[in-house]
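Working notes for the structure below.
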Amino acid sequence: MEHREHILSLLDALSEDDQAFMVRLLEAKIRSNQSPLAYIEELMSYQYAGQDGELFIHKMEVRPEISNRYGMLHGGILSTFIDTAMGATCFVVNGTTHKTVTLDLQVKFLKEAKHGTLTCKTKFQKNGRTISVLESHVYDEAGHIIGSATGTFFKIPNS
């Protein structure tokens, strides 16, 4: 009960906007306990949106809790979104026969994102026996490119 009272006293000290912010953080934590997505993926509202030819489509929402002090999406979150999209693409294609881990991720930040839905379009450059190389491009709702990346992933066979 001690934690509950402390949390309530902290919430009382916040503005309504900050309380709403904290509610979103708590909701993301609760969702991450009930879904296969990690907490950060829940904070991004990450979604795999399907496939369009050789492109695998992923989406996320830009929100204040994942923005930097300038009101722009934090670069680390954009990198995490791209890494998540690439890893999910490997999972969709390779299934559960392998665990896939990131060996290298090179991200280029091209434009700020302040709000709305971002779309990541990911495709394989190579999907070999032990290594996968992917490229991703992230777009805002207006179709402007926000960032791009190349990632190398290692396939670990399940034992």
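On the given criteria, is V93 closer than 14 Å to A149 by Cα, surrounded by fewer than 17 Cβ atoms within 10 Å (Cβ to Cβ), more than 14 Å from the chain's Cα centre (by Cα) and not basic (K, R)?
Details: closer than 14 Å to A149 by Cα: no; surrounded by fewer than 17 Cβ atoms within 10 Å (Cβ to Cβ): yes; more than 14 Å from the chain's Cα centre (by Cα): yes; not basic (K, R): yes.
No; evaluated as a whole, the condition is false for this residue.
Regarding the stretch 36-47, can at least one residue be identified that is open to solvent by 90 Å² or more (accessible area, probe 1.4 Å), in contact with a strand residue (DSSP E or B) (Cβ under 7 Å, 6 or more places away or on another chain) and under 30 Å from C90 (Cα atoms)? Write out each step before concluding.
From the stretch 36-47, those open to solvent by 90 Å² or more (accessible area, probe 1.4 Å) are 36, 47; that's our starting set.
Next, only the ones that are in contact with a strand residue (DSSP E or B) (Cβ under 7 Å, 6 or more places away or on another chain) stay: 47.
This time we only want the ones that are under 30 Å from C90 (Cα atoms), so: 47.
Scanning the stretch 36-47, I find at least one residue that is open to solvent by 90 Å² or more (accessible area, probe 1.4 Å), in contact with a strand residue (DSSP E or B) (Cβ under 7 Å, 6 or more places away or on another chain) and under 30 Å from C90 (Cα atoms), so the answer is yes.
Per-residue answers, yes or no, for (1) open to solvent by 50 Å² or more (accessible area, probe 1.4 Å); (2) assigned to a strand (DSSP E or B); (3) farther than 23 Å from M22 by Cα; (4) small (G, A, S):
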| position | (1), (2), (3), (4) |
| --- | --- |
| I77 | no, no, no, no |
| G87 | no, no, yes, yes |
| K99 | yes, yes, yes, no |
| Q106 | yes, yes, yes, no |
| K114 | yes, no, no, no |
| T122 | no, yes, yes, no |
| A142 | yes, no, yes, yes |
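So, S9, is that one of a type in the set (G, A, S), outside any strand (DSSP E or B) and under 15 Å from the mean Cα position of the chain (by Cα) or not?
Taking the combined requirement at face value, the residue does not satisfy it.
Of the conditions (1) without any contact (Cβ under 8 Å) to a residue 40 or more places away in the chain; (2) buried (at least 17 other Cβ atoms within 10 Å of the Cβ), V133 fails just one. Which one is it?
(2)
Quick one: how many residues across the stretch 57-72 are open to solvent by 20 Å² or more (accessible area, probe 1.4 Å) and free of Cβ contacts under 8 Å to residues at least 60 places away in the same chain? Even if it seems obvious, please write down each step before you answer.
Of the stretch 57-72, the ones open to solvent by 20 Å² or more (accessible area, probe 1.4 Å) are 57, 59, 61, 63-65, 67-72.
Remaining after also requiring free of Cβ contacts under 8 Å to residues at least 60 places away in the same chain: 61, 63-65, 67-72.
Going through the stretch 57-72 one residue at a time, the tally reaches 10.
When residues of the stretch 85-141 are filtered for being among the small types (G, A, S) and in contact with a Cys (Cβ under 9 Å, 6 or more places away or on another chain), how many remain?
So the answer is 3.
From the list Y70, Y48, pick out the single residue that is under 26 Å from A142 (Cβ atoms) and assigned to a loop (DSSP other than H, G, I, E, B).
Y70
Taking only the stretch 73-96 into account, find how many residues are touching a strand residue (DSSP E or B) at 6+ places or on another chain (Cβ under 7 Å), touching a residue at least 60 places away in the same chain (Cβ under 8 Å) and among the hydroxyl-bearing types (S, T, Y).
So the answer is 1.
The values are calculated or read from the model by the stated rules, or taken from the named source; none is laboratory data. All values derive from a computational prediction rather than experimental measurement. Ideal geometry is used to build each Cβ from the backbone, glycine not excepted, and the neighbour counts take in all protein chains shown. These area figures cover heavy atoms from the full protein model, side chains too; ligands, DNA and RNA do not enter into them. Shrake-Rupley method; radii C 1.70, N 1.55, O 1.52, S 1.80 Å.
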